[in-house]
1. So which residue, out of MET134, MET29, MET95, gets the largest mean-square fluctuation from a GNM of the chain using Cα contacts under 10 Å as springs?
2. Quick one: check the C-alpha center-to-center distance for segment 93-111 versus segment 152-188, whole angstrom.
3. If you average the alpha carbon positions of segment 1-24 and of segment 43-63, how far apart do those two centres end up, in angstrom?
4. Counting only DSSP beta bridges with both residues in segment 1-142, what percent are antiparallel, rounded to the nearest 5?
5. In segment 189-241, which trypsin sites (Lys or Arg not before Pro) fall in coil by DSSP and have 16 or fewer other Cβ atoms within 10 Å?
6. Would you mind ranking LEU184, LEU131, LEU92 by Cβ crowding within 10 Å, fewest neighbours first?
7. Could you give the size of the charge dipole of the chain about its Cα centre, using +1 on the Cβ of each K and R and -1 on the Cβ of each D and E, expressed in debye and rounded to the nearest 20?
8. Taking every DSSP beta bridge that has both residues in segment 3-238, what percent is antiparallel when rounded to the nearest 5?
Amino acid sequence: MNRSGHTDSLNWFFGDASQASFPEQYSRMTAHPLGHYQPFGHILNSMGARAGYILSQTHSTTGYQVDDSCAHQSSFIQQGDYLITHSPGIALGVMTADCLPIIIHDPRNQAVAVIHAGWRGAVGGIIGRALDHMRREFNTVPGECRALLGPSAQVCCYQVGNDFLAPFSPDAINRYFKKNSRGLFFDLPSYVVEQLRSFGIAAQLIDRSHNDCTIHSLEYCSFRRDGLAAGRQITFAMIPD
C-alpha cells in the first residue's frame with residue numbers, strides 16, 4: 001500500500017505497484033517537467049509540490065543538489081542515485097523495485113536527501129556520500145537527522161549466491177546474511193540501518209515502519225520476483241513551502 005505523511009518540515013510519499021512506472025518510459029519523459037507525466041503529476045499534486053525531480057538511476061554513488069534553477073527541468077536526464085535540496089516545494093524522487101529508498105531529513109537546516117540504495121550503492125558508500133554532500137551544502141550534522149526507510153527486499157526473500165559475499169567483510173557476513181535449507185539471504189535494511197547509525201543518526205530516529213518486503217508482497221513492484229516485467233514504485237520527499 002502507498003503511505004504518505006507530513007510534519008511541519010517534511011512531506012513524504014512511499015508508493016506501491018498501483019502507481020508503477022516502467023523504465024522503458026523514462027527516455028520519453030524528457031520533453032516536459034516531471035509533473036506533466038502520470039503517475040508522477042498526480043502524486044506531486046497530492047503532496048502540494050510545485051515541482052519534482054528524478055535522476056536516471058545507475059546503482060552508483062553519484063548525486064546532485066536540486067534548487068530552483070533546475071527544479072523545472074526535465075527529469076531522467078542526469079545519471080545518479082541520490083538527490084538533496086533545501087528548496088521548499090521541490091519533491092525529490094527515486095524509483096525502486098527491491099532496492100531500498102531512504103529519506104534523510106535535517107530539520108534544523110530544513111534540508112532533505114532521497115537515496116536509491118541497492119546493495120552496490122550501500123556497499124559503495126552512497127549514504128556517506130549523501131550525508132557529506134548535505135554537510136557541505138547545508139551544514140547538516142547527521143546526529144541531528146532522522147531517516148525513513150521505504151519498501152525493499154528483506155532477508156526473508158532476498159536470496160543470493162555465495163559470489164555475492166565477495167565485497168563484504170567476515171563480520172558483515174555474520175551479521176547481515178542468513179543461511180537456511182533454502183539458501184543464502186541478505187538483510188539489506190539492517191545493513192543500511194547500521195550504516196546510518198555509524199554516521200551518527202540515532203536508532204530511535206530511524207523509521208522502518210514502512211519497510212515492507214517487496215518480494216513477498218504483491219502490493220509492491222519486485223524485479224527479483226517479476227524480472228523484466230516489473231514496474232518501479234516511487235518515493236518522494238519534500239520540504240514544504
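1. It is MET29.
2. Here the answer is 24 Å between Cα centres.
3. 11
4. So the antiparallel bridges in segment 1-142 amount to around 65 percent.
5. ARG208
6. Lowest count first: LEU184, LEU131, LEU92.
7. The calculation lands at about 420 debye.
8. The antiparallel proportion sits near 75 percent.
Readers should treat all values here as calculations from the given coordinates under stated rules, not as data from a laboratory. None of these values were measured; they are calculated from a predicted model. Every residue, glycine as well, gets a Cβ built from its backbone with ideal geometry; the counts of neighbours run over all protein chains shown.
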